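The values are calculated or read from the model by the stated rules, or taken from the named source; none is laboratory data. Just so you know, these numbers come straight off a predicted model, no measurement behind them. Cβ coordinates were reconstructed from backbone atoms using ideal geometry, including for glycine residues, and neighbour counts include every protein chain displayed.
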Amino acid sequence: MWLDGLLQTIPPITVYLLVGLVVGIESLGIPLPGEIVLVSAALLSSRHELAVSPAWIAVAGSAGAIIGDSIGYAIGRRYGMGLFDTLGRRFPKHFGPSHVQVAERFFRRWGMWAVFFGRFVALLRIFSGPLAGALGMHYPRFLVAHALGGIVWATGTTFLVYSLGVVAEHWLSRFSWVALLVAVIAGIGVTLFVRRRTRRMAEAHEVEQKETDYAAESDD
């Protein structure tokens, strides 16, 4: 198949660097499809003729998450909550006031746990570093939470998808490229679903805030 030939021309180091770069940039707070890239790379590693190692993909994803979150934390610490006003003007779909308020509420309520589990949620993943820094979370606590979250997320996702890819290749040996296409579409579908749920949460919070403000004005 022409796709098989094309995939075999990609050096494994390029795959590792791409995973680390995209995940790292997303962790800075820039909305990139880090999860889709990780899932796609993990599936490539299930094709043994491509010589792409799932272990190195997990390492690249973990390193990108840890480094990106740490830089994002430093940026948030430096510029404070005013940073999100600027981001909100440039990326209103991702950093609108309601999105920031929802993320901030999670962080203030759950602290380190919000950082850890935020790695698995699209909204919190891009907010994690900058918002933790802006809110003044102590870096050692942040480092422990986001490092563990990044490692569990990258390693767990990689080896889960790798295992599914191996099974798919066994059953679709003549049409293994179909597995790649299905996984990518599934990854995109999951990402869109999470973003839709996140948007609904933000909208619900915005309505709740307006009702609270109206009630406060009525009492006055």
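Which one is surrounded by the fewest Cβ atoms within 10 Å (Cβ to Cβ) among residues in the stretch 49-58 that are modelled with pLDDT of 90 or more and assigned to a helix (DSSP H, G or I)?
The residue in question is 55.
Evaluated against (1) small (Gly, Ala, Ser); (2) closer than 17 Å to residue 151 by Cβ; (3) touching a Phe, Trp or Tyr at 6+ places or on another chain (Cβ under 6 Å), residue 45 falls short on exactly one condition, (2).
Could you tell me whether any residue of the stretch 187-209 is assigned to a helix (DSSP H, G or I), at pLDDT 75 or above and among the small types (Gly, Ala, Ser)? Taking every residue of the stretch 187-209 in turn, none turns out to be assigned to a helix (DSSP H, G or I), at pLDDT 75 or above and among the small types (Gly, Ala, Ser).
Looking at the stretch 59-173, the helices (runs of 4 or more DSSP H) lying wholly inside it that each contain 1 or more residues that are within 30 Å of residue 49 (Cα to Cα) sit at 139-171. Within the stretch 67-83, not a single residue is surrounded by 16 or more Cβ atoms within 10 Å (Cβ to Cβ), under 24 Å from residue 43 (Cα atoms) and either among the charged types (D, E, K, R) or modelled with pLDDT under 85 (or both).
Number of residues in the stretch 130-183 that are among the basic types (Lys, Arg) and modelled with pLDDT under 75: the value is 1. Scanning the stretch 101-128 for residues that are within 9 Å of residue 145 (Cβ to Cβ), aliphatic (A, V, I, L, M) and surrounded by 21 or more Cβ atoms within 10 Å (Cβ to Cβ) yields 114, 115.
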